[in-house]
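The values are calculated or read from the model by the stated rules, or taken from the named source; none is laboratory data. For clarity, every value in this text was computed on a predicted model and none was experimentally measured. Neighbour counts run over all protein chains shown; Cβ positions are idealised from the backbone, glycine included. Only protein heavy atoms, including side chains, enter the accessible area calculation; ligands, DNA and RNA are left aside. Shrake-Rupley method; radii C 1.70, N 1.55, O 1.52, S 1.80 Å.
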Amino acid sequence: MSIRWNRTFSDLIRRSRPAYWGNWALNAQIRPGAVGIVDAESGDFRLVREQLPDVELLHTATSSSWQLMSERVSRTEASVDVSAEATDPESGIKGEAGLEVSWSMANSNSIASEFSLRQESFLRDLTVLERSVDWLAEQAASVSFGGNGQIAQGFGVVTNVIYANSGLNVGSQSSDASFAIAGRASAVQEMLGGATGKGSFSSVRKARDVDRHLWPDQANTRPVEPVPIAYSFASFDGRLLMPNWIGKLGGFQIFFNNRPGSTYITRILLTYNTPSGPRREQFEISGGLSRTIGNIPLDATDINLDVTFVGMINSDRYRRHWARPLGQWLSGQRHIEMSGVWPGRTHFSVLEE
């Protein structure tokens, strides 16, 4: 079974950037405003139209260093002699101390990702997507991702892109894989985390059982343009805009857990609004029990949660409010943990916060 590199890469990115997809193969077609399809299983992007009409872009500077590694990936640096192979792309002069950077991967399906970042570019106003829904529905229908003015989840628009000057993605196809690049010390350091955009390498020194994507992709050259390495994506459910789409959602779910050992009964009131009117659910959960409220519609707004720990004299009360869960609940779920032993303190937490 082949490894879905972009899915694995996206999962690694989401530990710190929950709304992003990775661009493992450095697909240059990914840019803000690009219209296409994201495969929720593989994470791959397929371009349908190069640009959404009438978009305005903004660009912001970002920190220069990007480094992500899976568990049991080790990185080492060592001085090497590259006098016979390393040439300065600008001056054509050989020489300077050499540097080799190596990655060793104990497990298969592991990732090392290092880049010299350049900027983040994004759509200035996401309301352009709602204004363009008719045009987008036509494009979706042309690739069997919609019909009758409706759009299927997975079809949409790239809204935000992280660009890098240079760098690399390397993944292990088996256990004990390895990879290394070498070159002039200053050029290799710039390639993997500098800010000048002048990074390069002179050779690949080791490459055993790896999938690799380098930028620049040729030795002793400098990249002429930045490369997209991660992006966010907006999709639709019918005509409902899903501004940060990371996978298919059928509805929202809330999991309530009154942990074992808790002696409090929790009284729960859940309310929210829908286009067809307000909804309300009220129930109690004893210690050691749990309950799931599912099928909250994707167009629900103003979800209010009121949790009361019922005491003999006084009761502790906790509240949460989500104005637009479609933009806040990326996974479509919230997990509520509750505990307490009377007459001691009560504890309430939302695991995703």
Per-region count, segment 151-167, residues open to solvent by 10 Å² or more (accessible area, probe 1.4 Å) and not in a strand (DSSP E or B): 2
Listing of strands (runs of 3 or more DSSP E) fully contained in segment 188-250 that carry 2 or more residues being more than 28 Å from residue 122 (Cβ to Cβ), of a type in the set (D, E, K, R) and in contact with a strand residue (DSSP E or B) (Cβ under 6 Å, 6 or more places away or on another chain): 203-208, 210-215
Condition met for residue 174 (assigned to a loop (DSSP other than H, G, I, E, B), small (Gly, Ala, Ser) and open to solvent by 10 Å² or more (accessible area, probe 1.4 Å)): yes
Hey, residue 57 within 17 Å of residue 121 (Cα to Cα) and either open to solvent by 60 Å² or more (accessible area, probe 1.4 Å) or touching a residue at least 40 places away in the same chain (Cβ under 8 Å) (or both) or not: yes
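Collect the residues in segment 167-186 that are among the charged types (D, E, K, R) and in contact with a Leu (Cβ under 8 Å, 6 or more places away or on another chain), keeping them in residue-number order.
Here is the first cut: in segment 167-186, the residues among the charged types (D, E, K, R) are 176, 184.
184 - this is the single residue of segment 167-186 that is among the charged types (D, E, K, R) and in contact with a Leu (Cβ under 8 Å, 6 or more places away or on another chain).
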Residue within segment 192-201 that is aliphatic (A, V, I, L, M), surrounded by fewer than 20 Cβ atoms within 10 Å (Cβ to Cβ) and without any contact (Cβ under 8 Å) to a residue 40 or more places away in the chain present: no
Residue ID - nearest to the chain's Cα centre (by Cα), chosen from residues in segment 123-150 that are among the acidic types (Asp, Glu) and not in a loop (DSSP other than H, G, I, E, B): 130
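From the list 5, 66, 24, which one is touching a residue at least 24 places away in the same chain (Cβ under 8 Å) and touching a Gly at 6+ places or on another chain (Cβ under 6 Å)?
On inspection, the qualifying residue turns out to be 5.
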Matching residues in segment 115-125 - criterion: being buried (at least 17 other Cβ atoms within 10 Å of the Cβ) and within 17 Å of residue 235 (Cα to Cα): 122, 123
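Do we have residue 4 as over 17 Å from residue 211 (Cα atoms), basic (Lys, Arg) and open to solvent by 20 Å² or more (accessible area, probe 1.4 Å) here? Walk me through it before giving the result.
Numbers: over 17 Å from residue 211 (Cα atoms): no; basic (Lys, Arg): yes; open to solvent by 20 Å² or more (accessible area, probe 1.4 Å): yes.
It is false that residue 4 is over 17 Å from residue 211 (Cα atoms), basic (Lys, Arg) and open to solvent by 20 Å² or more (accessible area, probe 1.4 Å).
Using the structure shown, decide if residue 106 is within 21 Å of residue 164 (Cα to Cα), open to solvent by 20 Å² or more (accessible area, probe 1.4 Å) and not charged (D, E, K, R).
So residue 106 fails the test.
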Check on residue 47, touching a Ser or Thr at 6+ places or on another chain (Cβ under 7 Å) and among the aliphatic types (A, V, I, L, M): no
Residue within segment 205-217 that is among the charged types (D, E, K, R), more than 30 Å from the chain's Cα centre (by Cα) and farther than 30 Å from residue 165 by Cα present: no
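Before we move on, is residue 304 free of Cβ contacts under 8 Å to residues at least 24 places away in the same chain, among the polar types (S, T, N, Q), farther than 26 Å from residue 14 by Cβ and out of contact with any Gly (no Cβ under 9 Å at 6 or more places or on another chain)? Explain how you work it out, then say what you get.
On the way: free of Cβ contacts under 8 Å to residues at least 24 places away in the same chain: no; among the polar types (S, T, N, Q): yes; farther than 26 Å from residue 14 by Cβ: yes; out of contact with any Gly (no Cβ under 9 Å at 6 or more places or on another chain): yes.
For residue 304, the condition - free of Cβ contacts under 8 Å to residues at least 24 places away in the same chain, among the polar types (S, T, N, Q), farther than 26 Å from residue 14 by Cβ and out of contact with any Gly (no Cβ under 9 Å at 6 or more places or on another chain) - is not met.
Residues are listed down the side, and each one gets a yes or a no for (1) open to solvent by less than 10 Å² (accessible area, probe 1.4 Å); (2) touching a residue at least 24 places away in the same chain (Cβ under 8 Å); (3) part of a loop (DSSP other than H, G, I, E, B):
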{"residue": "10", "(1), (2), (3)": "yes, yes, no"}
{"residue": "19", "(1), (2), (3)": "no, yes, yes"}
{"residue": "28", "(1), (2), (3)": "no, yes, yes"}
{"residue": "40", "(1), (2), (3)": "no, yes, yes"}
{"residue": "48", "(1), (2), (3)": "no, yes, no"}
